[in-house]
1. Accessible surface of residue 70 in the full protein assembly, 1.4 angstrom probe, to the nearest 10 Å²?
2. Compute the distance in nm between two label points, each set 7 Å from the Cα along the Cα-to-Cβ direction, one at residue 64 and one at residue 41.
3. State the extension gain, in nm to one decimal, for the chain segment bounded by residue 125 and residue 98, taking 0.36 nm per residue of separation less the distance between their alpha-carbons.
4. Apply the Karplus curve 6.51 cos²θ - 1.76 cosθ + 1.60, θ = phi - 60°, to the phi angles in the range 58-66 and return the couplings in whole Hz, x for Gly and Pro.
Amino acid sequence: MEPPSSRTRLVVAESNLRGFRGLTVDAFGSLLRGGPSQLPNALRKIVGEREENRNTRSLEDLWRDTFRKYLRANPFLAFREVHRKTIQDFFKTLGISKDVDGCIDAVLDEYRSSSAYPEVSAVLRDLEQQVPVAVVSNMDTTALLGA
């Protein structure tokens, strides 16, 4: 068995696979629309107030690259803590001084309004008939289950 790639968020040992079949998917982008791959509107508003001349695309890239850096550094870090580190770096790079905890709350509130893609419910129902289904996430459970 090959070792997991650097992008894998699940460590699998051969001895743990006997008799099990499974599929893992990331919630945002796979099951839910939006999420941390996009610059949250709460932060876009703050940046917009201070950085009128910035290119929106480069802000998206900065956000996404910074977020991914912290996920790669520690894939078992809580979703809230990944956001704390990402927002701190994001603001530092842009020279913004703002209440990080308040921003985290605003971003997580924004994620609570995410919705599943239309086909997700039917696909999960079909999968449940063939294999056990479990939801494992570092995200706030109420936001994930609500969506």
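The values are calculated or read from the model by the stated rules, or taken from the named source; none is laboratory data. Predicted model, so just to flag it, every value in this text is computed and none were measured. Using ideal geometry, Cβ is built from the backbone for each residue, glycine included, and neighbour counts are taken over all protein chains shown. Calculation scope for accessible area: heavy atoms of the full protein, side chains included, ligands and nucleic acids excluded. Shrake-Rupley method; radii C 1.70, N 1.55, O 1.52, S 1.80 Å.
1. 40 Å²
2. If labels sit at residue 64 and residue 41, their model points lie 2.0 nm apart.
3. 5.4 nm
4. Computed from phi, the couplings for the range 58-66 are 5, 5, 4, 5, 4, 4, 4, 5, 5 Hz.
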